[in-house]
Every structure is written in C-alpha cells, then in structure tokens.
1. Per residue of A:218-227, count partner chain C-beta atoms within 10 Å of its C-beta, then hand back the mean as an integer.
2. Taking springs between alpha-carbon atoms closer than 10 angstrom, which of A:I225, A:I150, A:I15 fluctuates most in the Gaussian network model of chain A?
3. Would you mind pulling out the separation of the Cα centroids of segment A:97-136 and segment A:151-166, in Å?
4. Take the alpha carbon gyration tensor of segment B:506-564, find the square roots of its eigenvalues, order them as a ≥ b ≥ c, and report rounded if a/c is under 1.5; if not, report prolate when a/b exceeds b/c, else oblate.
5. Could you list, in their original order, any pairs among B:K585/B:K642; A:K261/A:K296; A:K19/A:K252; A:K19/A:K296 whose Cα atoms are separated by more than 20 Å?
6. Can you tell me the FRET efficiency between B:A161 and A:R123 if r is taken as the Cβ-Cβ distance and R0 is 51 Å, rounded to the nearest 0.05?
7. Taking the Cα of B:V31, stepping 7 Å toward and past its beta carbon, and measuring to each backbone N in segment B:65-107: which are under 11 Å?
8. Rg and Dmax in Å for chain B, alpha carbons only: what are they?
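Readers should treat all values here as calculations from the given coordinates under stated rules, not as data from a laboratory. For clarity, every value in this text was computed on a predicted model and none was experimentally measured. Every residue, glycine among them, receives a Cβ derived from its backbone with ideal geometry; neighbour counts consider all protein chains shown.
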Amino acid sequence: MDLALDRLLTAANQIILGKQPQIRLAVCCLLARGHLLIEDIPGVGKTTLSHTLARLFGLDYQRIQFTSDILPADIVGSSVFDAHQQLFSFHPGPIFKQMILADEINRATPKAQSALLEAMEERQVTVEGRTYPLPQPFFVIATQNPAHQIGTFPLPESQVDRFLMRIELGYPSRQAERELLSGQPRHVLIDQLPVALLPEQLAGLQQAAAEVHVSPALLDYLQAILAFSRQSNDFASGLSPRAGLGLLAAAKAWALIDKRKAVLPEDLQAVLPAVAGHRLNVGTNDSVAIVAPILKHVPVL
Amino acid sequence: MPFLPSTRLMLFMLGSIGLITLPHAWHIPPVLFGFFTLMLLWRLFGVWRPSYLPNRLTVFLLMLAGIGLLYSQQHSVFGRDAGTGLFVVALGLKLLEIHGKRDVYVIVYLAFIVAVTQFLYEESILMALYILLVCGVLLATLITQNSQAPQTLPALKTSAALILQSLPLALVLFVLFPRLEAPHWSWLDDDTQARSGLSNTLEPGSIAELSLSPELVFRVKFDGELPPPAQRYWRGPVYASTDGVRWRAPPVLGRENNPDQPAFTGTAYDYTLMMEPQKQNWVFALEMPTQFAGGLRRNGLYQLISNKNPGDRAEYRLSSSPAYNTGGISKTERRENLQVPGKPSVRIVELVRQLQDKQARPELFIGNLLQHFRQENFHYTLSPDPMPDQPIETFLFERRAGFCSHYATAFVYLLRVAEIPARVVGGYQGGQINEVGGFLEIRQADAHAWAEAWLEGRGWVRFDPTAAIAPERIERGVNVDLQIASGAVNFSPVQLDAKTLSWLQRGRQLWQSVDYNWQRWIINYDTVNQKAFLQSLGINDFVKLGYWLLISIAGIGGILAWRLLRPNRRRQDPALVLYRQFCAKLSKAGIEVDAGDGPKTLAERAAHRRPDLAESIGRITAIFIRLRYQADSKTSDLQVLKTLVASFRV
C-alpha cells in the first residue's frame, strides 16, 4: 500500500513537473478526506493536476466550468418531466461523480457557488425535498483565479473554510518549463497513466490516516497554535475548531505519507500553510508568509 | 418581585448563626437567649412555611418585647453583658425581617460581630478554633448567596480556602498593627464574675474551700532547673493581726518603700510567671523574690504587687533566691507580730511552758512544737469539723485534726504566746510539672498557709507545721488533697508514684502546654509586649511600622496573587526535561535552537552543522520522539535517553 502511494506520487510528478510539494499536499488532502482549493492564475496546470490525481486514484472525474451564468441546477441536476411515465424524474447533475474539478469557482455567482459548497459539506444533494447521496469517496478540487482579476465573485470566508487546503501552484521553474515545452502534450500523458490505487485501497489509506497516533504533547502544540492564532494581533480572526480538526487530519495524513505511525510537530508545520493560510484573514495570499509568525513564535516543546 | 432566598442559603445562615450564638448561652441571661432561640426557630420554621412568618406589626411588637426584656435584664446598653445581649436580641429580630439580599448581608455582618463578642468572655484556644470554624460556615453563607449554582461542599471548601489565604495577613496584622487597648476595658468590665482565690482575711477553714478547685492560678517556666518541691513556696499575703478567729493582713501603709533589702545567698532561680486573671493584684513569687521587672513592687511584707488590672492575664520576669536573710525588725513590726487577742488561756500557757526550755531559745521551742504536732496524734484533714469559737484551742486540745490554715494559725499563736514574733503567710505550695511544656502549673488546690517566725540573726524564717504532719503534701509535690478527696488514697501510708503517668495524663499535659503557649504568645501579646517585640525588630516609630506593614502586606498580596494568577503548570514530562538539557548542550555548541523548531528539524540542522555528532543527535532525537509523540515507547527508553543525554558532549 505504501508502495502504491509512492508510485502514485512518482507518476504525478512526471506529469506536473517541479511541483512535488503541491502534489504531496493534494494527495494528503485527499487522504484526509478534505477538499482542495487551488488558487492561481489560469494556465499553470490546475486542471492538469486535478485530472492527473483523478486518473491515478481511479476516480470518476467530472469537470464543471463555472461561469457567471451557471445555475445551481447545472451543478446538482434537476427534475425533468417524463412524458412517458407522466411524472418528474431526477436527472443528476455533474456533481454526482467521485472527483469534481470546479474550475474557476469564483467566476460563478454566489448562488451557484453555494450549491457546490453545500454538497461538499454534507456529501449529499437535496433537490425538491428528496435527498440524493453523493458517491464515495467524494473529492472536490476547486480552482480559483486571484481575486483581483476582472469578473470574479470572491468566495466568502465561511465558504473558504469548507476547503481543507488551499495551495498555489505558481510558475514552473526554468528547467521544468523546458521539459514541459519539449515533451509530449500533457493530455496524452494523462490518458496513458495507469490507475495506481484501487478504490478499496484508497479507503484503506484514508482509514489508516485517521488512525495515526496523536500524543498529548502534540495536541498541546496544536492547541498552542490555535490559541496563538486567536490571541495574536497579526490575525483579524483566529483558527476555528473546524480548522483545528482539519489541521490534525491533514497532519495525520502527512505522517502517513511519510510512513510514520505518529504525528510529529513537523507534520503540523508542513501542512499549516496550506490548511491555515486561507482561513486567516490577513490580506495577502502568500500562505507561507501568513503562517510564518505562528511557526516562529509558538514553541514546539 | 419578592426576594425568595433559597432553602440552602437560609439553612446555611440559620445554622451558622445558631452555632455562633450557642456559646453565649453561658453568658447572657437565659431569658434573652430564650428570646433569641425563639426567633431563630420561628425563622427556621418559616423556611418551609413562609406564610407563618410574622408581619410588620408583629415584628414591631416583638421588637418592643425584646427591648423590654433587654432593659429588665441589663438596665443599660453599655457594658459587656448588656452590649452582647443587645446584639443577640437584635440579631434574632433581624432574622424575621428578610426582604432582600441586603438583609442577608446585614444579618451575616451582625453575626460576625456577635462572634467577636464571644472573645470578651473567653479567650481560650478551643473557643478561638470554634469561632474560626463557625465563621467559615458564615463565610460559606456569603458564598452561597453570591454563586449561580450554590452547592454545599464547594461553598465550604471555598470559605476554608479563603480563611487559609487570609491567615498570613491576619498574622502580620496581629504582630505589627498597633494593639488597641481600652484602659482596663473600664466600661466593658463587668465585675460580676466572682473569682475564687486567697483573700485579705484568713479564717481557719477558708483555704479548705479552695482545696478542691482545679482552677489554674498561675504558671511558671524556669530558665534552668526547677527548685526542689520542698522549696516551692509561692508567697502571697501575710496575715498578722488576729481576733482569735480571723487573721488579717497588717496595714501596708508606711511600708511601701521597704527599707531593708534582704540579703541573698546561694543561686537564684530565674523564671517567667504568668498569672491568670485574679481578683487581687498579687503576684505569687517564689520565696524570696530578688529581682522583678517594672510594673511590680515589693511591699514591706515581701509580697509582690502588680499595678496592672488583675482581671487581665499578665506575664512577669522574676528572679528568686531560696536562701535569704531579712535582717532585723522594727519595734512596730515586733509588736504587731506578737499581738494576741486577750489573755491566752491556762491550757495554752501550760503547753507553751512545757515546750519551752529554761533559756527560752526560740529555735528549740519551735522544734519542740513541731515535735509535739508529730507525736501527739495530730491529723491532717481536708474536711475539719467546724470550730466556730476559740478555734485554736479547740484544734490544739480537742480535735487535733485540721487543714494547713489550722496548723499555721495555731503555730503562730503559740509562738506569739512564747514571745517569738511570728505571722501567717498565705500563698501556694508546690504545683504540678507539665512534662511536655516543662513548666509548673499552680492551681487553687495548691493554696496553702504556712508560718514565718522572726529569729535573731536570721530574720524571718519560714516554718511549715503542715509539713510536720503531712510531709507528702510538701515533699513529693503530690496533690494529696485531691487524692484524699477523690478517695484514691487513704491518708496514712501513701504509696504514690508520681512518675507513672498514664497516656491520658500525658495528653492532658500536652494540651495544657499548648494552652500555656497560646496564653503566653497570643493572649498575652499586649501593648507592652508588642513594643518590646517591635523594638527587637528595630521598629521604633510609627513611620517605620507603617513601612513594615506596607511591605509585609504587599509581599503577602504579591505571593497570593502570583499563586492565583500563575498558569496551572502541569508536571513536567521527564523526557522533555532531558531533551531540554540536550538542547542546552546544542546551543552551547553554537547551534541555534529556535522555539518553533520541531525535534526533527533541529536534529537535521544540528547534524548538518556538526556531522561528527550526527549519529548521537539522531539517536537522542529518535528516542525523544518515541517517548513524546509515539504510542510505542518502552519504559526503558527514558533511561536510555538519560544516559545518552548525559554522555552527549559537544
């Protein structure tokens, strides 16, 4: 199983070049049963990354392109009158897939955004009084353009909080870009990718991640981080209990990827920018810079 | 909205008030206490049946009744008894008038005052503990009143904690704050209390009344060794003039400045004497006092007189020497000490002639007389037959059984008939050693009367005829009187082993020792003692005292605040302690250790900086991580970590 994970990471790194940390975080996010928000300018490989992950994990994949005129029904589906049977039948929308790429989520109106985000939180969809469960596992990768771009509806804080992690991809390095330019088109490579994990293997890994040991000493450190974020003047609002739970789940998954049976402070530190960066309202998007005071001032021991 | 105190609050309050007022049952008139109890029970009943509580008019009438009772009993509101009665009655009435939170506060504060009045009557350590305990319950009442979800046990715990926290402050204030003393408590001093003790007159049977009283008179702590029992005579009043039945102290006027200081030989005993409250301002010093501190004077009869209020407990530093020579006597004194009422009877003269030799040597006469007492079937008894007229003759020739005062008066009378100046001395003899505290306790039962004869060249010499009859009383320090009285011993062959003390007696002695120290250090800490103590600390004026008070209170407040505000530190993880030592060693080697570094990060950086140490750094870090973060650490890991950290050298 560990080997499968290694294989998966290696394969992904061959498609998306020079982005090992981000890929690792994305995998970690999936193992922690969380949703991922990728924020970056168009064209740096957000779609490629999600497509690659879907392929490697062997998940049903659906991309939903969010536009300013997309309606909730376009996402969750709608009831259509069946003339033959003389009754309404539900036509599931694109959301009924294991992995959703919600592309450019902040181009859609808040109404459409909230339809997706409600589904993410509850892992079910309610249409006209009937509840339809979403498939398992259910994993959303949403991409977002930087808020300063024209024609965006920035996600409100409460909805950003639904994403376990936010990562940025950034421009590739010179060498990686050269490889990209000289290599085969990515979509061809993706199509050739083998499935690295069986569905039950993914479920097993998620279970194993949840069972990684957490010592009281580590919880002390986690609570110190939470307390610091709430007391420090650097942050307008501190980390919520949900953020704390997410931080712990992500750190457990990170420890699992590192093939360890216990969470170390370093695991928390590694996932902290991605988990806490978008939850601390600071005014900058640089997650590493946002959490730097926490890492610097909260004593580990 | 009507104020409805919770049942718990009411029970707390009524319970504590009942407990606080209970000891007053012995002090205030039964009628007043009954009135208070009635109010308390009425209010207690009203906890469950509020409709039975009196209305305003009834309370008003009750108040009038209370005032009437108070006036009929005390005729005043001043003075200790009347004031206490007033407070108790007011407290009882206020209980029936609880309309709001404010009333609860008034009642609780009034109850605190009533608690304090208890100390006007009794200052014992037991009473102090009792009042402290009851004040704890009263404090719990206040806590119950002010908490959201009152609970009995936590409220009591909180009040105990509050009292404990306030004790250091109370101690500082007790020691440093100027003692306020009303001049002899003049308007609070009710002299209604009859105190027993020796008096100015001596009747043959008078001391016998005291002989069964275990009441403490004074306590003595010697600096060095104790004098032998036969020398433990504590000198009190001197009785010189007699009408044949009663003996009176001679007038002391004109003898204030004793002209002849006795000549002392031999070693002196230094001791501290603590007098219990007395009716006379006499201080019973060991014969013969040589030095005495201020506040005391020695009258011409060698008795020490204090100028303090005898109703207060007082402590004196004294020095006495058992070997003394008082020198000559004046003509007046000689005449005074030869006085006999009327002419002695034929029987007496005949007896004196029998005992006298031809040269009429006083020493020989005294020896013969004591011999006479010993041989002629004289007995010592606690309950002598009453001898209303001519007690001396009746005693000498008919009854031949008497108490120390019979022997002393008869002895002195016979000496006077034989032309030897003699007088009766009252006081105490003996005392019981408290082996725990190492001090002597002298009780009323130790009251004694002995004789003093003036001999040429020797001055006043003590003779104790009782010793001739019942040497056990004098020699062995055994309280024969009580033993006889309780029927424990038949007098004649006494076989008492004073050293075999049962554990019960030991316990009693321990308690008395605690009580002695309580009296000595707490009750006796008055203006004078405080001044002396503060001067020994170098505090001479009020400014300095103010600084001391300020600094001590600020210090105690600071300590309490620190204890209160410091974060609850958990017990340190031993692995963490060891790891910190390791970190200290690393930073000594120039490897910076940041607070935000996890152990792995630190280990990597350290190994990078010092590749030579990489292996031991890695091992220490791995074991530390296992101990602190992993579920599978072994018990031996801590020991391994200890060894590794200890042997880690940079």
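1. 1
2. A:I150
3. 14
4. oblate
5. Result: A:K261/A:K296; A:K19/A:K252; A:K19/A:K296 exceed 20 Å.
6. 0.50
7. In segment B:65-107, the label zone of B:V31 (backbone N under 11 Å from the point 7 Å along Cα→Cβ) covers B:66-75.
8. Gyration radius and largest Cα-Cα distance of chain B: 36.7, 126 Å.
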